[in-house]
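Quick notes on the structure that follows.
The values are calculated or read from the model by the stated rules, or taken from the named source; none is laboratory data. Remember, predicted model here, so these are calculated numbers, not experimental data. Cβ: placed from backbone, ideal geometry, glycine included. Neighbour counts: every protein chain shown.
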Amino acid sequence: DGGITQSPKYLFRKEGQNVTLSCEQNLNHDAMYWYRQDPGQGLRLIYYSQIVNDFQKGDIAEGYSVSREKKESFPLTVTSAQKNPTAFYLCASSIVGSPIPYEQYFGPGTRLTVT
Amino acid sequence: AQKITQTQPGMFVQEKEAVTLDCTYDTSDPSYGLFWYKQPSSGEMIFLIYQGSYDQQNATEGRYSLNFQKARKSANLVISASQLGDSAMYFCAMSTSGTYKYIFGTGTRLKVLA
């Protein structure tokens, strides 16, 4: 079955440590996205990538970094510079290039807790 | 600037009744897509329904329909015959052909009452 996997589902880290969240898709989608969601809030875009080896900052990129070395993978690193990293992180992918954008497909998310 | 507005933080509906969740949008791009997602307490985002800016008819998917009023820039979600399992957070989203960025509203929490 095609889809998006995110691992792990729950992640705990000590303050000051970098942590990398995994996102893999086998949908053959060109575009991939990372969102952050805080309790009771909507989704905020961290980074997105429409093609391999290229990515753009979203609305809240400070303290995060990404790479897109393969079409199917878009890992997100939460660095120690992110002042409040505890949140729910969602990865998504979509088709690009059509006249009208299609829906995004989402992974199950990773709940990151930093203490 | 592109914007999605959901003005209802929370809604209640009686089981088996219909409910409308409001969404207004703003964009200057003539080519855009509008989406509704459901987020249960487990956190997964479930795609419900899609409307393209050039679609002449309102989208429908089972019990979900999208009331698309282009001139008013509104894309309200209508859920018919509500079920207890419909209790969740609902997000309206938009993407344009110019950027392929997706922006989300702040969501509406729906509670279905038995």
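Out of (1) surrounded by fewer than 16 Cβ atoms within 10 Å (Cβ to Cβ); (2) within 12 Å of chain B (Cβ to nearest Cβ); (3) farther than 29 Å from residue B:10 by Cα; (4) among the hydroxyl-bearing types (Ser, Thr, Tyr), what's the single condition that is false for residue A:80?
In the conditions (1) surrounded by fewer than 16 Cβ atoms within 10 Å (Cβ to Cβ); (2) within 12 Å of chain B (Cβ to nearest Cβ); (3) farther than 29 Å from residue B:10 by Cα; (4) among the hydroxyl-bearing types (Ser, Thr, Tyr), residue A:80 misses (2) alone.
Go through region A:36-50 residue by residue and tally those that are aliphatic (A, V, I, L, M) and either away from chain B (no Cβ under 11 Å) or touching a residue at least 40 places away in the same chain (Cβ under 8 Å) (or both). Steps first, answer last, please.
First pass over region A:36-50, keeping only residues aliphatic (A, V, I, L, M): A:43, A:45-46.
Next, from what is left, pick out any that are either away from chain B (no Cβ under 11 Å) or touching a residue at least 40 places away in the same chain (Cβ under 8 Å) (or both): A:43, A:46.
Summing the residues that are aliphatic (A, V, I, L, M) and either away from chain B (no Cβ under 11 Å) or touching a residue at least 40 places away in the same chain (Cβ under 8 Å) (or both) in region A:36-50 gives 2.
Name the single residue, out of those in region B:95-114 being at pLDDT 95 or above and in a strand (DSSP E or B), that is nearest to the other protein chains (Cβ to nearest Cβ).
B:109
Return the pair list, or none, for Cβ contacts closer than 7 Å from residues in region B:19-43 that are among the basic types (Lys, Arg) to residues that are part of a strand (DSSP E or B), at least 6 apart or on different chains.
Listed by first residue and then by second, the contacts come to B:38/B:46; B:38/B:48; B:38/B:88; B:38/B:90.
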